[in-house]
Amino acid sequence: MTAPVPVYLDCDPGVDDTVAIAYLLASPAVELVGVGTVSGNTSAAQAARNTLDLLALAGRDDIPVALGAHDHLDHPFSGGAPHVHGDNGVGGIVLPRSDREVDERTAVELLLDLSRTYAGRLHILAIGPLTNIAHALEADPSLPDRIAEVTVMGGAALSPGNITPVAEANIYNDPQAAAALLDADWDVTLVPLDVTLEHTLSEEQRQQFLADDRPFVVAVGQILDHYFDFYLPSYGARTCALHDPLAAAIAAGGVSPSRALQVPVVVDVSQGPGRGQTIADLRGQRTGPRHHEGVRTRLVLDVDDDAAAHLVATILA
Ligand code: RIB
Ligand code: CA
């Protein structure tokens, strides 16, 4: 059994972020060594509150939670997505309030500290807007030298967007930060809507969470209820896309991409209709996968594993 991979999670809980956290806590392949929050689904402060309360419920007050950016690089936080994630970011569920507060470090300071503690081994999993990562790169340009890999839930290659016709929410909320992350000298696995929309959780699986004897797992099931309502019109059934959990499972090696291409991905940082679009150069793929020499971005386009079954089995184990 290889040692678990240390993971720094940058997130905006967020309902699917919550499922990703549950998976990371349950997976033997990873050790969640720190969490930074960023505005996205809700404010960075509310996301931190949610994370503190979730970790307390899970009995994991040992994991530091640091407050990150409220505003994004080129625009202020604009209120989040209550219609998707509920007014409080966790489906409107009122969690028992932990008496723990955020770490005295900012998310950037926590990430830089962890990059030194776990130099060469730390895996960044970013499942919200990428503002904190961009700030960390600006504060310490040598950060990539100490990072094993970066996994990002974000973008849309051939899929339509979800926040605009062409843009996915995490990228749209801070395109300049996404561009900075993709421009840095490290290995990035990008998990876009093309694959995350194809993996969904069923009501039966949500009921399995609700039937668990652990309050934390039950809370995850309750938090998903509002999210299932949101997805009903787009899927025609009570279900939800597994955006962040799928990225977490890929980062942990729990599921493997069946199609992933090392191709250039650039971000539209304009203020026009293309803002936040991730433009992947997929030319020349007709006769089979073609990887671009020297490109360190791996764009995941397919996962054949049953990611939902793996996620549920891991969380319920
Ligand atoms: O577009 C989906 C992404 O945006 C997920 O990370 C979700 O939590 C929201 O942050
Ligand atoms: Ca998220």
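The values are calculated or read from the model by the stated rules, or taken from the named source; none is laboratory data. From a predicted model like this one, the values you see are computed outputs, not experimental measurements. As a convention, Cβ positions derive from the backbone with ideal geometry for all residues, glycine included, and neighbour counts pool all protein chains shown. For accessibility, only protein heavy atoms count, side chains too; no ligands or nucleic acids. Shrake-Rupley method; radii C 1.70, N 1.55, O 1.52, S 1.80 Å.
Just to verify a number: what accessible area does T51 come out at with the full protein assembly present, 1.4 Å probe, Å² rounded to tens?
Number for this one is 0 Å².
Just reorder T18, T106 by solvent-accessible area, largest first, 1.4 Å probe, all chains present.
Working: T18 0, T106 60 Å².
Descending accessible area places them as T106, T18.
Kindly provide the pair-distance distribution of region 174-223 built from C-alpha pairs, with 5 Å bins from 0 and whole-percent values in order of increasing distance.
The distribution over region 174-223 is 5, 16, 14, 11, 12, 12, 13, 12, 5, 0, given as percents.
In Å and on Cα atoms, what radius of gyration and Dmax does region 1-96 show?
So, for region 1-96, Rg and Dmax equal 13.5, 45 Å respectively.
Using Cα-Cα distances under 8 Å and only pairs 6 or more residues apart, what relative contact order does the chain have, in percent? Intermediate values should be presented prior to the final figure.
Details: 719 pairs, mean separation 62.1, N = 317.
After rounding, I find 20 percent.
When ligands, DNA and RNA are left out and all protein chains stay put, how many square angstrom of accessible area per residue does region 249-314 have with a 1.4 Å probe? Intermediate results must be reported in sequence, preceding the final value.
Working: 3430 Å² over 66 residues.
So region 249-314 comes to 52 Å² accessible per residue, rounded to a whole number.
Taking Rh as the Kirkwood radius computed over C-alpha pairs, what is the Stokes-Einstein D of region 249-311 at 10 °C in a medium of viscosity 1.306 mPa s, expressed in µm² per second?
Details: Rh = 13.6 Å.
Calculated translational D: 117 µm²/s.
Test of understanding: given the chain, find the longest segment containing no GluC sites (Glu not before Pro) that are in a DSSP loop and have at most 11 other Cβ atoms within 10 Å.
Working: sites that count: E101, E104, E293.
Within the chain, the longest run free of exposed GluC sites (Glu not before Pro) spans 105-292.
Amide H to amide H under 5 Å from G155: which residues, 5+ apart in sequence or cross-chain, H placed 1.01 Å off N in plane?
For G155, the qualifying residues are E168, N170, I171, L193.
Just to be sure I understand the curve: with the Debye formula and one point per C-alpha of region 119-210, what is log10 I(q)/I(0) at q = 0.22 Å⁻¹?
Treating every Cα as an identical point scatterer, log10 I(q)/I(0) equals -1.04.
What nm distance separates the two modelled labels at R116 and D305, each placed 7 Å from Cα along Cα→Cβ?
Output for this residue pair reads 3.5 nm.
Who wins for biggest fluctuation among R60, R275, R283 in a Gaussian network model of the chain, springs between alpha carbons below 10 Å?
Greatest mean-square fluctuation among the candidates belongs to R283.
Specify which residue in the list A134, A184, H85 is farthest towards the positive end of the charge dipole of the chain, using unit charges on the beta carbon of Lys, Arg (+1) and Asp, Glu (-1), about the Cα centre.
A184
Taking the Cα centre of each part, how many Å lie between region 175-253 and region 144-162?
About 14 Å separates the Cα centre of region 175-253 from the one of region 144-162.
Where Rh is the Kirkwood radius over the Cα pairs of the chain, the temperature 37 °C and the viscosity 0.692 mPa s, what D in µm²/s does Stokes-Einstein return?
D = 171 µm²/s.
Please list the helices of the chain that count as membrane-span-like by this rule: a mean Kyte-Doolittle hydropathy of at least -1.0 together with Cα atoms stretching 24 Å or more along the helix axis, each helix being a complete DSSP H run.
Working: long enough: 215-235 (30 Å, 0.61).
The answer, listed by residue number, is 215-235.
On average, how much accessible surface per residue is there in region 1-147, in Å², for a 1.4 Å probe, leaving out ligands, DNA and RNA?
Numbers: 5290 Å² over 147 residues.
Using a 1.4 Å probe on heavy atoms only, each residue of region 1-147 averages 36 Å².
Quick one: pull the percent of accessible area on region 167-213 belonging to carbon and sulfur, 1.4 Å probe, ligands and nucleic acids left out. Could the numbers behind the result be given before it?
On the way: 660 of 1680 Å².
Answer for region 167-213: carbon and sulfur cover 39 percent of the accessible area.
Over region 183-267, what relative contact order in percent results from Cα pairs under 8 Å that are six or more residues apart? Walk me through the intermediate numbers first.
Numbers: 59 pairs, mean separation 24.2, N = 85.
This gives 28 percent for region 183-267.
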